[in-house]
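Heads up: the structure comes next, in structure tokens.
The values are calculated or read from the model by the stated rules, or taken from the named source; none is laboratory data. Bear in mind the structure is a predicted one, so any value in this text is a computation, not a measurement. Here the Cβ is made from the backbone with ideal geometry for all residues, glycine too, and neighbour counts use every protein chain on show. Note: accessible area is taken over every heavy atom of the protein model, side chains too, but ligands, DNA and RNA are not part of it. Shrake-Rupley method; radii C 1.70, N 1.55, O 1.52, S 1.80 Å.
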Amino acid sequence: MDLANESPRLVLTGAGHAHVELLRRLALRPALRRAFAAIDLIEPEDTMAYSGLLPATVAGHYARHDMQIDIAALARLAAVNWHRGRVTRIDATARRVHLADGTQQAYDLLSLNIGTEPPVVAGDHQSHVVPVKPVATLWRGLARIEHRLETARAPLRIAVIGGGAGGVELALALAYRWRRCRPNPRIDLYHRGPALLGGAEPAAAETLAQALCDAGIGRHPEASITRIASDTIASDDGRIFPADAVVLATGAATAPGLGSRGLVRDAQGFVRVDATLRSVEAPEVFAAGDIASLPLPRPKSGVFAVRAAPVLADNIERTATGRPLRAFEAQPRALALIGLGARRAVAARGWPIAPSGYAVWRLKQAIDQRFIERYDAGKIARIMHRSGV
Ligand SMILES: Cc1cc2nc3c(=O)[nH]c(=O)nc-3n(C[C@H](O)[C@H](O)[C@H](O)COP(=O)(O)OP(=O)(O)OC[C@H]3O[C@@H](n4cnc5c(N)ncnc54)[C@H](O)[C@@H]3O)c2cc1C
């Protein structure tokens, strides 16, 4: 179709950190909505879990609804047709996406913001494995562990796998959440390589290692876990460790299992895009957040998804209206504020020292709350009402 002459049909896949901004803009700018013949959103969940608040919510500092953005309400305000579903295959050649329920959706423009899920570790005992994403699965898994904690006579042994910011923060949050459980569970953190955070932030890693030690969490470096059995886990060098339950926070190593045709993807399955966030092979496909493989690689982190959001929104509009696209200039690193379980956090940004403590926690709180408030459907509806939208 000639996008410059006809209004395109836009399909948004996944309501991740970048697409919530697009929904907000669509709600506040009717002219933007009118650039499209129809807009569809395909997303399995009715709320989006804001990752910045996940560990603090696990620790119990927030209620679950505090970290959620109401996707159904945002879609309504943006006049977007929300399909509760999961895309299983993208056919960029035929310009169609296939959904898990067997239906298909045609598009003129497609935008992907579906994040990642931790890669599956082989084993016959997946029932006691709790992946940190999707977040709904995490809550269900934690409920199962807590049921066992209530009836356990001996301390349950919980293995957290992953030494990135997410894994360490989650291990500390779990230790804080279960600090009063008797018998107290034994938590161990397993990670590849010698250092936490992949060795990228030595000062912050030192603070985190001390926090793990203070919380009584065992740390097992150079332990690449490749197999999970009923009450043990095994590393690739043949070591066996006890584990009654396993929390997988192995990060954004692979894109979610998704078939595709006519899309160039990198070795991990992420969709290769150019500087404008457009697929290098299919110009009608955009991708942002963890699922995008940028020309200059950036860490898989919500911060980059949030930063990409305005450029993504602009470029989708520019494509629909036949204007030149602009580049996403992502800075090489972002400030990471990592919770330490109790109301403390550590800041990392490649500095030789890593400030930590209550003040850093307050800063993290302020940033996270500002994000959640920005996408509060009630607040957006009031702005729309005031401005006569
Ligand atoms: C414990 C933990 C703590 C973290 N803390 C931070 C932090 O403090 N700061 C930070 O910047 N990053 C943090 N991260 C990383 C962060 O979670 C991710 O980088 C971020 O969520 C990626 O955002 P996204 O927009 O790409 O995707 P997501 O936020 O993951 O959103 C993807 C959306 O797509 C939907 N979806 C998935 N598959 C499909 C499909 N096939 N079809 C349709 N929809 C689909 C999902 O339901 C979801 O709503 C943390 C990660 C973890 C695990």
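Take region 218-242 and flag every residue that is of a type in the set (Lys, Arg) and either closer than 20 Å to Pro155 by Cβ or in a loop (DSSP other than H, G, I, E, B) (or both).
Across region 218-242, the qualifying residues are Arg219, Arg239.
Among the residues of region 156-179, what is the count of those that are at pLDDT 95 or above and open to solvent by 30 Å² or more (accessible area, probe 1.4 Å)?
Total satisfying the criteria: 4.
Does region 68-75 include one or more residues that are farther than 30 Å from Arg349 by Cα, open to solvent by less than 10 Å² (accessible area, probe 1.4 Å) and touching an Asp or Glu at 6+ places or on another chain (Cβ under 6 Å)?
There is at least one residue in region 68-75 that is farther than 30 Å from Arg349 by Cα, open to solvent by less than 10 Å² (accessible area, probe 1.4 Å) and touching an Asp or Glu at 6+ places or on another chain (Cβ under 6 Å).
Give Leu32, Leu53, Leu41 a once-over and let me know the one that is closer than 23 Å to Met384 by Cβ, open to solvent by less than 10 Å² (accessible area, probe 1.4 Å) and within 12 Å of the ligand (Cβ to nearest atom). Reasoning before the result, please.
Details: Leu32 fails: within 12 Å of the ligand (Cβ to nearest atom); Leu53 fails: closer than 23 Å to Met384 by Cβ.
Just a single option satisfies the conditions, and that option is Leu41.
Return the residue satisfying two criteria in turn: it lies in region 85-107 and is buried (at least 20 other Cβ atoms within 10 Å of the Cβ) and away from the ligand (no atom under 12 Å from the Cβ), and of such residues it is nearest to Ser235 (Cα to Cα).
For region 85-107, the residue satisfying everything is Ala92.
Return a yes/no flag: does region 316-324 have any residue that is of a type in the set (S, T, N, Q) and open to solvent by 60 Å² or more (accessible area, probe 1.4 Å).
There is at least one residue in region 316-324 that is of a type in the set (S, T, N, Q) and open to solvent by 60 Å² or more (accessible area, probe 1.4 Å).
I'm checking my understanding of the structure. Among residues of region 229-240 that are open to solvent by less than 30 Å² (accessible area, probe 1.4 Å) and under 19 Å from Gly164 (Cβ atoms), which one is nearest to the ligand (Cβ to nearest atom)?
Only one residue fits best here, namely Ile233.
Arg307: within 11 Å of the ligand (Cβ to nearest atom) and assigned by TED's automatic domain parsing to the domain that holds Arg34, yes or no?
For Arg307, the condition - within 11 Å of the ligand (Cβ to nearest atom) and assigned by TED's automatic domain parsing to the domain that holds Arg34 - is met.
Can you tell me which of Thr47, Thr13 is in contact with a strand residue (DSSP E or B) (Cβ under 7 Å, 6 or more places away or on another chain), open to solvent by 20 Å² or more (accessible area, probe 1.4 Å) and either of a type in the set (A, V, I, L, M) or within 25 Å of Arg307 (Cα to Cα) (or both)?
Unique residue meeting the criteria: Thr47.
Report, by residue number, each residue of region 196-217 that is open to solvent by less than 40 Å² (accessible area, probe 1.4 Å) and either at pLDDT 95 or above or in a helix (DSSP H, G or I) (or both).
Hits for region 196-217 are Leu196, Leu197, Ala203, Ala204, Ala205, Thr207, Leu208, Ala209, Ala211, Leu212, Ile217.
Looking at (1) modelled with pLDDT under 95; (2) in contact with a Ser or Thr (Cβ under 9 Å, 6 or more places away or on another chain); (3) within 16 Å of the ligand (Cβ to nearest atom), which is the one condition that is false for Leu110?
(1) is the only condition that Leu110 fails.
Could you list all residues from region 285-308 that are touching a His at 6+ places or on another chain (Cβ under 7 Å) and surrounded by fewer than 23 Cβ atoms within 10 Å (Cβ to Cβ)?
Hits for region 285-308 are Gly302, Val306.
Across region 108-137, what is the number of residues that are of a type in the set (A, V, I, L, M, F, W, C), crowded, with 16+ Cβ neighbours inside 10 Å and assigned to a loop (DSSP other than H, G, I, E, B)?
The qualifying residues number 3.
Out of curiosity, is Thr151 at pLDDT below 95 and touching a Phe, Trp or Tyr at 6+ places or on another chain (Cβ under 9 Å)?
no
Please work out which residue is nearest to the ligand (Cβ to nearest atom), limiting yourself to region 352-367 and to residues that are of a type in the set (A, V, I, L, M, F, W, C) and over 25 Å from the mean Cα position of the chain (by Cα).
Ala359
When you scan region 170-195, how many residues do you find that are assigned to a helix (DSSP H, G or I) and aromatic (Phe, Trp, Tyr)?
Looking only at that region, the number is 1.
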